[in-house]
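The structure appears below as C-alpha cells.
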Amino acid sequence: PDATLAALQRMPLRIPADIRNRSAQVEARALLALGRAREAAQVLQNAQFDPLRMVGASADERLEAGTLQYNLALSLIRSGDVPRGRALLERLGRNRDIHPLLLALRDRANLALAGQFLDAGHGANARAFFERVALEGPYANEALLGLGWAALGEQGRGQKVAVNSDRDASAETPRFVLRAMQRRRLIDCQTFNRRTLAPTELCLEPRHFERAPVPDSVQGLALEARAVWSELAERDPRDAPVREAASALGYAAARAGLRSEAIAHHEAAVALLTQALADNAAAAGKLAEGGLSAAIDAAIGADGLAPGSSLPAAVLANFDLQLGLDATPGRGRARPLLEALAVARWLRSSTGDAAAVDPAVIDGLVAALQHLAQGRLASERAQLEGWLASVRLALATVADPSFVLPMSLPSP
C-alpha cells in the first residue's frame, strides 16, 4: 500500500477525468489496506461522477461509476459513517440496469448491505437484502448461505435509511439555519419543500429499510434456514458456501426439532468434508511433485502474451482446476503473476533472445506462484478442519438422548 501511494504521488496534476477516477479507486484501496478508511472515503467523494454525464454513458462508464459508489459505501462504513454507507449500498441495490456486469454489481451491493446488517445483529433486515440477490448469479451461493444464518441469528429491530446521503450537502441550506427558522415559525416543511422542490433532511421523514417478517417460533426461522441450505447443499460441493451450508444444515434441522434428520445431515457433512480434505491433500502432493510447471505451460503457452493483454477467465479457471485449487479461497490472485510470466515469455520469443528477461525475475514469479498455491491449500485445509470439528461436535450433541432440542425463541 505504501508503494502504491508513493507511485500515485508521482502522477501529474492535470490528467483526464477517467484516469483520475481510476487512480482515486486505487488510492482508496491502498488507504483501506492501511486502515485509513476516513481518508479513503474522502478520496472517493472527491472523484464523484457527474450524474448528467451518466445518462448517455456506456456500460463500462456506468460500471466504473457504480464501483466507485460501492467502494465509497464500504469506506464510509469502515470509517464509522454507517448510515451513509448503508444508504449508498441500498441505492446501488435497487439499480435497474440490465447489463450483466451491473446486475452483478447490484447483487454485490445487496450482499454487502445484508452482511452489514447480519454482523450488526439485524437478521430480519439482512434476510430482506439477501433475498434481492439473483438465485443464478455469481453471488447466489453466498446469498443463500447468508440467508440461512440471518434466519438463525438475532432478528433485531427495524432500521431507517439515512436521507439525502447521496446528495451534495453543500448545495443545501445548513440544518442549523433551517431549525432556527422553524423555531421562529418562518418556514414549515410542507411549504419549504414545495417551494424549493428539494426536501432537506430536516423536512423529510427517513425511509425504512426493508425488513423480512419474523415467525413467532424458533422452528419457523429454523425451517427457513433449512429450506435455503437444502437448496444450496445440492450445488457444486467445491464451492465454499456449499460446504458451509452442508456443515450447518444439521444445525438448522436440530433447531427445528428434527433430531433424526439432523443426525443424517451431520453424517453426510462428515463424509463430504472428509473427501474434501483428501482432495486437498492430493492437490498439495501434486504441487510438491512439480505440478506447477505443467499448469503454467498450459495457461500461458510457449509464446506467452503481448504486454497490455490479459488472460481469459477460462484460462485462469483451468489453471486452478489443473492444480486442484478450484475450491480454495483467493480465486483470481494468480492472474497478475501468470500474466507477468506470459509477458516475459513473449519478450523472449519475439526477440529470439533468451537473455531478454533476467532469469531471476522468472524464477521469482514461479516461486511466488508456488507460495500462493501452497497458501491457498493451507487456508482451505484449515477451513475444512474447522467445519469438520464443528460437525462432529454437533453430531455427538444431537445424538445424545439427554440433549433437549430448542422449542421456543430466546427472550429478547
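The values are calculated or read from the model by the stated rules, or taken from the named source; none is laboratory data. Since the model is a prediction, treat every value here as computed from it, not as a measurement. When we count neighbours, we look across all protein chains shown, and the Cβ atoms used for this are built from the backbone with ideal geometry, even at glycine. When the accessible area is computed, the model is the full protein with side chains, heavy atoms only, and any ligands, DNA or RNA have been set aside. Shrake-Rupley method; radii C 1.70, N 1.55, O 1.52, S 1.80 Å.
Please count how many residues of segment 83-105 are open to solvent by 40 Å² or more (accessible area, probe 1.4 Å), without any contact (Cβ under 8 Å) to a residue 40 or more places away in the chain and closer than 25 Å to Gln155 by Cβ. Outline the logic, then answer.
Quick first cut of segment 83-105, residues open to solvent by 40 Å² or more (accessible area, probe 1.4 Å) only: 83-84, 91, 94-96, 98-101, 103.
From what is left, the residues that are without any contact (Cβ under 8 Å) to a residue 40 or more places away in the chain are 94-96, 98, 100, 103.
Now narrow it down to the ones that are closer than 25 Å to Gln155 by Cβ: 94.
Residues meeting the conditions: 1.
Could you check how many residues of segment 298-335 are surrounded by 13 or more Cβ atoms within 10 Å (Cβ to Cβ) and in a helix (DSSP H, G or I)?
Count: 12.
Across segment 106-127, what is the number of residues that are open to solvent by 10 Å² or more (accessible area, probe 1.4 Å), at negative phi and small (Gly, Ala, Ser)? Before the answer, list the steps.
In the first step, residues of segment 106-127 are kept if they are open to solvent by 10 Å² or more (accessible area, probe 1.4 Å); the result is 106, 108, 111-112, 115-116, 118-122.
Still in the list and also at negative phi: 106, 108, 111-112, 115-116, 118-120, 122.
Among the residues that remain, those that are also small (Gly, Ala, Ser) are: 112, 115, 120.
Number satisfying all stated conditions: 3.
If Pro406 satisfies all but one of (1) at pLDDT below 90; (2) in contact with an Asp or Glu (Cβ under 7 Å, 6 or more places away or on another chain); (3) under 14 Å from Tyr251 (Cα atoms), what's the number of the condition it fails?
Of everything listed in (1) at pLDDT below 90; (2) in contact with an Asp or Glu (Cβ under 7 Å, 6 or more places away or on another chain); (3) under 14 Å from Tyr251 (Cα atoms), Pro406 misses just condition (2).
Filter segment 22-42 down to the residues that are open to solvent by less than 50 Å² (accessible area, probe 1.4 Å), closer than 16 Å to Met11 by Cα and touching a residue at least 24 places away in the same chain (Cβ under 8 Å) and list them by number. Spell out the reasoning first.
Filtering segment 22-42 for residues open to solvent by less than 50 Å² (accessible area, probe 1.4 Å) gives 23-25, 28, 30-32, 37, 40-41.
Restricting the remaining residues to those that are closer than 16 Å to Met11 by Cα gives 23-25, 28, 30.
Passing the criteria: Ala24, Gln25, Ala28, Ala30.
Just to be sure, is Gln155 crowded, with 17+ Cβ neighbours inside 10 Å, under 27 Å from Val242 (Cβ atoms) and modelled with pLDDT of 90 or more? Step through it out loud before you land on a result.
Numbers: crowded, with 17+ Cβ neighbours inside 10 Å: yes; under 27 Å from Val242 (Cβ atoms): yes; modelled with pLDDT of 90 or more: no.
For Gln155, the condition - crowded, with 17+ Cβ neighbours inside 10 Å, under 27 Å from Val242 (Cβ atoms) and modelled with pLDDT of 90 or more - is not met.
Take Ile15 and tell me if it is open to solvent by less than 80 Å² (accessible area, probe 1.4 Å), at pLDDT below 85 and part of a helix (DSSP H, G or I). Reasoning before the result, please.
On the way: open to solvent by less than 80 Å² (accessible area, probe 1.4 Å): yes; at pLDDT below 85: yes; part of a helix (DSSP H, G or I): no.
For Ile15, the condition - open to solvent by less than 80 Å² (accessible area, probe 1.4 Å), at pLDDT below 85 and part of a helix (DSSP H, G or I) - is not met.
Just one of the numbered conditions (1) open to solvent by 30 Å² or more (accessible area, probe 1.4 Å); (2) assigned to a loop (DSSP other than H, G, I, E, B); (3) modelled with pLDDT under 85 is not true of Glu61; which one?
Answer for Glu61: the failing condition is (2).
One residue is enough: does segment 321-328 have a residue meeting the conditions at pLDDT below 90 and of a type outside the set (S, T, N, Q)?
yes
Tell me which of these Leu72 doesn't satisfy, since it passes every other one: (1) within 28 Å of Asp2 (Cα to Cα); (2) not in a helix (DSSP H, G or I).
Here Leu72 meets the rest and fails (2).
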